[in-house]
Amino acid sequence: MTHVPSWLVFDLGGVLVDVAPGDVTHARLAEAFGMPGARLDELLLAADGDDGLSRIQRFETGTLGVDELLAALNAAASRPLSRQAFVLELNAMLRGCFDDTAALVSRLSSAGIDIACYSNTNPVHWRHIQRRFAFFDDIIEPFASHVVGHRKPDPEGYARVAAALGADAGACLLIDDRIENVEGARGAGWQAHHFTGVAGLRDRLSDAGMADEVIA
């Protein structure tokens, strides 16, 4: 049996939120801006600034705002977008909620289990998720990379989240669908579960000593 965690820290995209595949989103954005996909890649993914981070990484760590990102894209676009249109395009990536995971989170919360989340995200998606998805009511402590200032798997991000929770690293269990984030959490002293579905998560929580009637 593994150590019983004090906090269950859920990722959002791929765990609680259904996010469109990257190639679908990429094609949609390129079409909306009227630019080749390679040019969009260059603008979003190439290092931008002395910190070596790309624009998308800076967007998700809070050092690049939505208006600045939009201005950079519009400067190269044959069809510049308004801020409202850009926000709609970004939010179209978020296709819905994984109801089975959300139901489990609700049961855990009702049983008095402390629930947090830590998501690599941006202010547009963060606002949309908070407003749209009911599962957010079950999250006691929400953390977003653009507020924390660090994206997973940066160890500083895990350290800051654990400190904000008032918990030792080993008392936090990250539930994430990306193996690099899981490995990063373990490297930072956290417990971590590679999420591939609710059944596997139930097994992991049962192994940690949680009652079957809570996780069934």
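Where a number appears in this text, it was derived from the coordinates with a stated rule and is not lab data. Just so it is clear, the model here is predicted, and its values are computed rather than measured. Virtual Cβ from ideal backbone geometry, glycine too; neighbours counted across all protein chains shown.
Values as computed for the structure displayed
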| quantity | calculated |
| --- | --- |
| Farthest positive-ward along the chain dipole, Cα basis, beta-carbon charges - from Y158, F143, I115 | F143 |
| Relative contact order (%) - the chain, alpha-carbon pairs under 8 angstrom, separation at least six | 28 |
| Filtered GluC sites (Glu not before Pro), segment 54-147: DSSP coil and at most 15 other beta carbons within 10 Å | none |
| Electrostatic dipole magnitude of the chain [Cβ: Lys, Arg +1; Asp, Glu -1; Cα centre; debye, to 20] | 520 |
| Cα-based Rg and Dmax for the chain, where Dmax is the largest Cα-Cα distance (Å) | 18.2, 58 |
| For S78, S109, order by how many other beta-carbon atoms lie within 10 Å, fewest first | S78, S109 |
| Residue-averaged 222 nm ellipticity for the chain, from DSSP H runs of 4+ at -39500 (n - 2.57), nearest 500 | -13500 deg cm²/dmol |
| Charge-dipole axis of the chain as Lys and Arg at +1 and Asp and Glu at -1 on Cβ define it, positive-most pick from L8, G200, A75 | A75 |
| 17 Å tail of the calculated P(r), segment 99-216, as % of Cα pairs | 57 |
| Förster radius 25 Å - calculated FRET efficiency between V24 and A103 (Cβ-Cβ, nearest 0.05) | 0.40 |
| Using alpha-carbon coordinates, inclination of helix 123-132 to the longest axis of the chain, degrees | 50 |
| Segment 22-91 - convex hull of the alpha-carbon atoms, volume per residue in Å³ | 84 |
